[in-house]
Amino acid sequence: MKNNPQAQFAIEAVCKGAQLAQQIQDEIGASSITKSDRSPVTMADFAVQAFIGAQFEKYFPNELLVGEEEISFFEGSHGEIVLKKVVDFVRRYFPKADSEAVRSWVHRGASEPAERFWTLDPIDGTKGYLRGEQYAVALALVEKGEVQIGALGCPHLTPEGRPQKRGSGAVFVAVRGEGAWGTSLQKMKQLHRLSVSDCADPKRACLLRSVEKSHTDVERIDRLLEALGTSVEPIFMDSQAKYAVLAAGGGDFLIRFPSLSRAAGQMQIWDHAAGGLIIEEAGGRITDIDGKPLDFTTGRLLLRNRGILATNRHLHDVLLEAIQKILP
Ligand code: AMP
Ligand code: MG
């Protein structure tokens, strides 16, 4: 990992990206602007995508980046105001940045997925960010449909994967075949090896759940917990911070039933790529709710997968079986 320039790049990118997001929140508070699909977005989503786009331009100009945010948002007078503010923040790292440069850095994320590409969610869990709760900057390298490197910047977690409101925050990184680690967002000196829990009893298993009810099918999750006889209180948390906590053994499983609100419960690749590899490299398993591996060859959406099940591995088969019984 230490001699892997791409992994070092990913750590640095999500680390600085997460610090920038935190700075923006500390200085102006988080306020949302609404995208055309009605989902919320913030100044930080654009600033972080611009910053990481600029890092690609500087260090790996030939790599493809598939990012969540689009420059079409900057159109019109309101968009121009947003762009101006984004430029001010990006100048912290790139003092010579201007509107044109910021536009082009954000636009780097407009690449289409190919045989090899990176995928970025500049702020995963925007609603958590708006509430001052968990969110993550998520970056992953995908090759031939398989995630090879995953990195998450999580300002409200410790390197051991424990929630912490005011602390240094953490970066989590995994390289396929090599393992997964957590380290402090501020110092990045000591790497802490991540390892999932060993709970094998669904009755004693702790579920990591989305805070936002509209992102999944909550009724079905409740029915699953009832069928399993799970007595442990779930942990509610936004974003792929959940994936880092699972990888660190702070919870035993997470599940996303296709939500009823988004067309056919569609899932975006950047919401699962980085965190999924971190779980696997910490000894866990991630599939869809039918037990199929996540297939990253279908563009920006996971078109061949239905929902997500990620566990500490020990619970996976028993959960898949329980899920099949409550599906239509
Ligand atoms: P979580 O906090 O785990 O619910 O995950 C947050 C992510 O869920 C966001 O980054 C969104 O991209 C994604 N998301 C939002 N709405 C939906 C939906 N209806 N179905 C699936 N994912 C969604
Ligand atoms: Mg997201």
Among the numbered criteria (1) in contact (Cβ under 8 Å) with a residue 40 or more places away in the chain; (2) not in a helix (DSSP H, G or I), which one does GLU233 miss? (1)
Determine if region 130-147 includes at least one residue that is more than 16 Å from ligand 2 (Cβ to nearest atom), closer than 13 Å to PHE51 by Cα and acidic (Asp, Glu). no
Take the residues in region 226-235 that are closer than 17 Å to ASN312 by Cα and more than 16 Å from ligand 1 (Cβ to nearest atom), then tell me which one is surrounded by the fewest Cβ atoms within 10 Å (Cβ to Cβ). VAL232
The number of residues in region 120-160 that are among the hydroxyl-bearing types (Ser, Thr, Tyr), touching a residue at least 60 places away in the same chain (Cβ under 8 Å) and away from ligand 1 (no atom under 12 Å from the Cβ) is 0
Which condition breaks for VAL175 when tested against (1) more than 16 Å from ligand 1 (Cβ to nearest atom); (2) hydrophobic (A, V, I, L, M, F, W, C); (3) farther than 30 Å from PHE9 by Cβ? (3)
Tell me, which residue of region 120-150 that is of a type in the set (Ser, Thr, Tyr) and not in a loop (DSSP other than H, G, I, E, B) is nearest to ASP45 (Cα to Cα)? THR126
Which residue is nearest to GLU68 (Cα to Cα), if the candidates are limited to region 106-132 and must be among the charged types (D, E, K, R) and at pLDDT 95 or above? ASP121
Looking only at region 110-119, which residues are in contact with a Lys or Arg (Cβ under 9 Å, 6 or more places away or on another chain) and either within 14 Å of ligand 1 (Cβ to nearest atom) or not in a loop (DSSP other than H, G, I, E, B) (or both)? ARG116, THR119
Condition first: assigned to a loop (DSSP other than H, G, I, E, B), at pLDDT below 95, under 19 Å from MET237 (Cα atoms) and under 17 Å from the mean Cα position of the chain (by Cα). Now tell me which residues in region 162-216 satisfy that. GLU212, THR216
Over region 178-222, the set of residues away from ligand 2 (no atom under 16 Å from the Cβ), over 22 Å from ARG166 (Cα atoms), of a type in the set (Val, Ile, Thr) and buried (at least 17 other Cβ atoms within 10 Å of the Cβ) is VAL196, ILE221
Can you work out which of the residues in region 110-142 that are farther than 20 Å from GLY161 by Cα and of a type in the set (A, V, I, L, M) is surrounded by the fewest Cβ atoms within 10 Å (Cβ to Cβ)? ALA114
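The values are calculated or read from the model by the stated rules, or taken from the named source; none is laboratory data. Values in this document were obtained by computation on a predicted structure and should not be read as measured data. In this analysis, Cβ positions are derived from the backbone assuming ideal geometry, glycine residues included, and neighbour counts consider all displayed protein chains.
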